[in-house]
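None of the figures in this text is laboratory data; all of them are computed from the coordinates on show. All of these numbers come straight from a predicted model, not from anything done at the bench. Because the Cβ atoms are built from the backbone with ideal geometry, glycine has one as well, and the counts that use them run over all protein chains shown.
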Amino acid sequence: MHQIAAFLIVGCSLADGVLGAELPSPPAEKSAAARPNLVIMLADDLGFGDLGCYGHPAVRTPYIDRLARQGVRFTQFYANGPECTPTRTALLTGRYQQRVGGLECAIGTGNVGRYDDAIRLAEQHQLGLPASEVTLPRMLHDAGYATAIIGKWHLGYEDHFGPNRHGFDHAFYCLGGGMDYFRHVEDPPAFAPVLRLNGRPESRAGYFTDLIGEEAIQWLRRHTSGSTQPFFLYLPFTAPHAPYQGPGDEQDAPLAADSERWKQNRTDPRVYAAMIERMDSVVGRVLATIESTGHYQNTLVIFTSDNGGTVNARQAGLRGNKGSTLEGGIRVPAVVRWPGVIEEATTFTHPAVTFDLTVSLLRAARVTIPTGITLDGVDVLKSVAEGQSPPLRDLFWRQRRGERTWRAVREGALKYVSDTRGQLATGYLFDMATDPTEQTDLSQSRPDDVKRLQAKLTAWEQAVRPAR
């Protein structure tokens, strides 16, 4: 196995993003195609250790495991946020989600804001990703790609936030975060239907994981039949997010409002495993379609998760869960296959984050970033392909819900985490090189480091203040 050695990332300027310019091309001798097809598959609440290729001893994920063997597996990959909506915002914009406003907490079921800024925007019918944002699908669409989202949206319930307004030609999706997998409703006891096809209500029978797999396969076959146009497929699963329903758990009616399956507390491990394994089987079918249509060699495929796992997940020793900026809330599995560019069976041990993938995809597609747009990520796949460490930079997180705010900054091997509840704030300092599971708090013994990292967080918060 090719191993890329670990590298300690030290601080950089907040301005070290990708400016409005043409991104550098991949090395010519390694490029599989001038404009590869692009596929992002995004799990929902998948824990760091929930896949076979990340050490799970029982859950069977042969297709994702094979994807990892055919490309690179990241061991220090982070979601931009510890919940659904924030990371999805960062993925599509290539920027810290805080810059948009109102989206650093998952939008509540039924379009509910969960902290002051989000509540204000919801009251103004502005809680979502504005169509004015320059997004990955919009830039790819404008560069000549066919674009599709098939799966979970969760970036705004109202029509003016719909995915078709962000550059997606085809959109089959559910609006929010927690939907009955068979009846496609949420918000019990209202049981609001939330399935949409290109912005209009849609009714279909079936298990949602299977439905989006079938839709993706049909779209791929339609698009690749006689067409040479490159494609971008965004396939965000709802699995293994609550409600906890495996493919064999269909009932005659939607789950009752008081059903334990809606709750993100511990569920039957067999149900949780069944949800992941069905997702893996759909991944396998989509990959088989790409291969059978002759596009294996010229398709870049990514599989990752939007945030860390709930208490149901196998966290592989990581501290914390979804919702926190401890490692268990933000470190996620990530594998990428890019034939001819990324060497097979590669392990990448450097820290990377979701919006790095955005920059990497735009570079792979040879997209020119519009003037005035600054992306916050770096081209991490270029680093993988060249066997190098990524550019020097710090990484930041902030998550707000109600009166509670989680923050974190990672500077090289040092990571500072703060948890503020009302007027009570608790801070932690960890050395990730010697303590990757965050067991030893160094904040009392290294006060100067704490002070420096707190100052960096404050400066970052000022830099990413939203305009709306």
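Using a Förster distance of 45 angstrom, determine the FRET efficiency expected from the C-beta separation of Thr434 and His160, and round it to 0.05.
Efficiency at R0 = 45 Å is approximately 0.35.
A helix-only calculation puts the chain at -7500 deg cm²/dmol for mean residue ellipticity at 222 nm, using -39500 (n - 2.57) for each DSSP H run of at least four residues, averaged over all residues. Think of each Lys and Arg Cβ as +1 and each Asp and Glu Cβ as -1; about the Cα centre, that makes the dipole of segment 288-380 roughly 220 debye.
Projected onto its three principal axes, the C-alpha set of segment 192-321 covers 50, 39, 24 Å, listed from the longest axis down. Just to check, using Stokes-Einstein with a Kirkwood Rh over alpha carbon pairs, what's the diffusion coefficient of segment 158-234 at 25 °C and 0.890 mPa s in µm²/s? Answer from the Stokes-Einstein relation: 179 µm²/s. For segment 383-468, the Kirkwood radius over C-alpha pairs fed into Stokes-Einstein at 10 °C and 1.306 mPa s yields D = 111 µm² per second. Taking a straight line from the alpha carbon of Lys456, these aspartates and glutamates sit under 14 Å away, with near neighbours fewer than eight places off in the same chain left out: Asp394, Glu411, Asp448. The alpha carbon centroids of segment 322-379 and segment 175-191 are separated by 31 Å. Each Lys and Arg adds +1 at its Cβ and each Asp and Glu adds -1 at its Cβ; summed about the Cα centre, segment 2-394 shows a dipole of about 600 debye.
For a straight C-alpha distance cut-off of 18 angstrom, the lysines reachable from Lys382 (same-chain residues fewer than eight places away being disregarded) are Lys30.
Among the helices of the chain (complete DSSP H runs), which have Cα atoms covering no less than 30 Å along the helix axis and a Kyte-Doolittle mean of at least 0.5?
Counting only whole DSSP H runs, no helix qualifies.
In the chain, excluding the sites themselves, the longest stretch lacking any of the GluC sites (Glu not before Pro) that are in a DSSP loop with at most 13 other Cβ atoms within 10 Å is 159-343. Whole Å is fine, so just give me how far the alpha carbon centre of segment 217-249 lies from that of segment 49-81. When both Cα centres are located, 19 Å separates them.
Per residue, how big is the convex hull of segment 2-394 when only Cα atoms are used? Give it in Å³.
Value for segment 2-394: 130 Å³ per residue.
Working ranking of peptides 66-79, 362-375 by packing, defined as the average number of other Cβ atoms within 10 Å per residue, highest first, is 66-79, 362-375. Note on segment 293-312 and segment 109-156: Cα centroid distance 21 Å, given to the nearest whole angstrom.
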